[in-house]
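The structure appears right after this line, and notes come after that.
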Amino acid sequence: MPSDWATTQNNLGDALTLLAERENEATRFEQAVAAYGEALKEYQRERGPVRWALVTGKQGIAFCLLAQKSEDSAAAQRAVRQIKLALETIQTGGDATSAAYYAAELIKAQATFDRVKKR
């Protein structure tokens with residue numbers, strides 16, 4: 001089932017992000033980004049905008065954490081873009097709690113981008 005595959009990939013992305021934070025390892029963040037990307041192949045914006053936004057936002061956070069670890073401005077820029085898209089979609093969907101969370105994450109991602117682009 002494609003939906004089961006996407007759920008598994010989303011959960012894998014969550015687990016890899018947590019593991020990467022504990023290990024402080026860039027490779028795990030890259031793996032998390034890839035897992036979320038696999039989930040997004042099934043979770044398409046047109047078919048389920050809120051689910052798509054939540055996974056897109058988590059992928060953006062993983063990009064941000066990767067950028068913080070590796071000082072990668074491209075990853076930081078991607079983080080800002082992903083989180084902003086997620087936030088806009090979630091706000092449209094009326095999920096105030098998730099919108100507040102991603103608004104805070106967008107501020108962090110923008111700060112990361114501003115810091116790493118100077119290097």
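Inside region 84-93, can you point out the residues that are surrounded by fewer than 19 Cβ atoms within 10 Å (Cβ to Cβ) and small (Gly, Ala, Ser)?
Matches in region 84-93: GLY93 only.
Only residues that are of a type in the set (S, T, N, Q) and part of a helix (DSSP H, G or I): list them for region 16-49, please.
THR17, THR27, GLN31
Being out of contact with any strand residue (DSSP E or B) (no Cβ under 7 Å at 6 or more places or on another chain), buried (at least 19 other Cβ atoms within 10 Å of the Cβ) and basic (Lys, Arg) narrows it down to one of ARG115, ARG78, so name that one.
Answer to the check: ARG78.
If the requirement is being in contact with a Phe, Trp or Tyr (Cβ under 6 Å, 6 or more places away or on another chain), of a type in the set (Gly, Ala, Ser) and not in a loop (DSSP other than H, G, I, E, B), which of these qualifies: ALA74, ALA67, ALA79, ALA53?
Checking each option against the conditions leaves just ALA79.
Could you list, in sequence order, the residues of region 94-112 that are modelled with pLDDT under 95, in a helix (DSSP H, G or I) and surrounded by fewer than 16 Cβ atoms within 10 Å (Cβ to Cβ)?
Listed by number, the residues that qualify are ALA96, THR97.
The values are calculated or read from the model by the stated rules, or taken from the named source; none is laboratory data. Note that the structure is predicted; figures quoted are calculated from it, not measured. Here the Cβ is made from the backbone with ideal geometry for all residues, glycine too, and neighbour counts use every protein chain on show.
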